[in-house]
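Report on the following structure.
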Amino acid sequence: MNNQSKDVMLVKISPNRDPEWVSAFKEVLPDLEIRVWPFVGDPKEINLALLWDPPDELFSTVGGLDVIFSVGAGVDHLIECSEIPTDVPIVRMIDVDLTAGMVEYILYHVLRIHRNMDSYFEQNLKRQWAVLPYKPANELCVGIMGVGELGSAVASSLHTLGYQVQGWSRTPKSLPGIQSLFGISQLSSFLAETNILVILLPLTNATTGIISLDRLMELPLGSYVINAGRGLLIVEDDLLLALELGHISGAALDVFGNEPLPVTHKFWTNEKVFVTPHIASLTNPATAVASIAKNIKRHKEGATMKGLIDINDYR
Ligand code: GLV
């Protein structure tokens, strides 16, 4: 940290969410001065930033940052800024409520798909009483791409419910009760065993477009896709084609290459696609600010901050 006595945090999230962040900071860190972009005051006084999707000019305006915090688990919205300083630590959000929200979102969709809830919804509309068969959970394999902070919590909850769970990641992982595969060389074997594919990978150069038509065709016939990572992990036109071919039975998509999803996009009208507006897990200011406070303390003490990323993993 710099030697100034007072820390000053710049907040840039979204105009309708910024006020609740300011209140949460006041509650947890009353001595921290908060400035809300674009009202920076004297930019030289700002040494911390909490950001979502910042404009490039933010980094040319505020030059002396000690730490950049991402309000989300993903940091791609920061890394893609051409002006982002490469010598300032970047910290992704790791927070109990953020993890819980993602677990809820994925469990909801796995259970909806597994227990035919879309068909029962249709039957409700027609006042139709018809029993649909379903397999026991232990005969369904949920494959999770990305088993870091969020993916491992999702994997463990699905395992507790009795699903077969396997994970795929860039580097080897060891999770109790979960078959872990890693690296491109094991991706085909992973996909071949997966009935419900959950995508929670970070968006990096290496993962952009990782789910293309040939990968989707490696999933068993009738599989489902749930994407709560980033839209660009999937080649969206390829997913539409795999749905049209009937190889993929349905998709739950929370993230898109272009957000908000344009009203003319085919995902909106495809009855096999369940669209949500990037809400799988919303960061809760009350708990997240407490996580940030702990990281500021760690940084001042020279300890490693939780969620510190290596920019080279993304480029
Ligand atoms: C949301 O997209 C996040 O990065 O947490």
Of the conditions (1) surrounded by fewer than 20 Cβ atoms within 10 Å (Cβ to Cβ); (2) away from the ligand (no atom under 16 Å from the Cβ), residue 81 clears all except one; give me its number.
(2)
Residues of segment 251-268 being within 16 Å of the chain's Cα centre (by Cα) and crowded, with 21+ Cβ neighbours inside 10 Å, which ones?
252, 253, 254, 255
Just checking, does segment 119-128 include any residue being away from the ligand (no atom under 16 Å from the Cβ) and either under 23 Å from residue 233 (Cα atoms) or in contact with a Lys or Arg (Cβ under 8 Å, 6 or more places away or on another chain) (or both)?
no
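Under 23 Å from residue 278 (Cβ atoms) and in contact with a strand residue (DSSP E or B) (Cβ under 7 Å, 6 or more places away or on another chain) - does that describe any residue in segment 57-66?
Yes, there is a match, as at least one residue in segment 57-66 is under 23 Å from residue 278 (Cβ atoms) and in contact with a strand residue (DSSP E or B) (Cβ under 7 Å, 6 or more places away or on another chain).
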What pairs can you find where one residue is in segment 45-74 and without any contact (Cβ under 8 Å) to a residue 12 or more places away in the chain, the other is within 16 Å of the ligand (Cβ to nearest atom), and their Cβ atoms are less than 6 Å apart, with a gap of 6+ or different chains?
none
One residue from 258, 205 being part of a loop (DSSP other than H, G, I, E, B) and in contact (Cβ under 8 Å) with a residue 60 or more places away in the chain
205
Can you tell which of 94, 90, 106 is under 21 Å from residue 249 (Cα atoms), in contact (Cβ under 8 Å) with a residue 12 or more places away in the chain and within 20 Å of the chain's Cα centre (by Cα)?
106
Go through segment 74-168 and tell me which helices (runs of 4 or more DSSP H), entirely inside it, have 3 or more residues that are closer than 27 Å to residue 14 by Cα.
76-79, 96-114, 149-160
Note on segment 91-106: residues crowded, with 16+ Cβ neighbours inside 10 Å and more than 13 Å from the ligand (Cβ to nearest atom) are 103, 106
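Each value in this text was obtained by applying a stated rule to the coordinates, not by laboratory testing. Remember, it's a predicted structure, so these values are computed and weren't measured experimentally. Neighbour counts run over all protein chains shown; Cβ positions are idealised from the backbone, glycine included.
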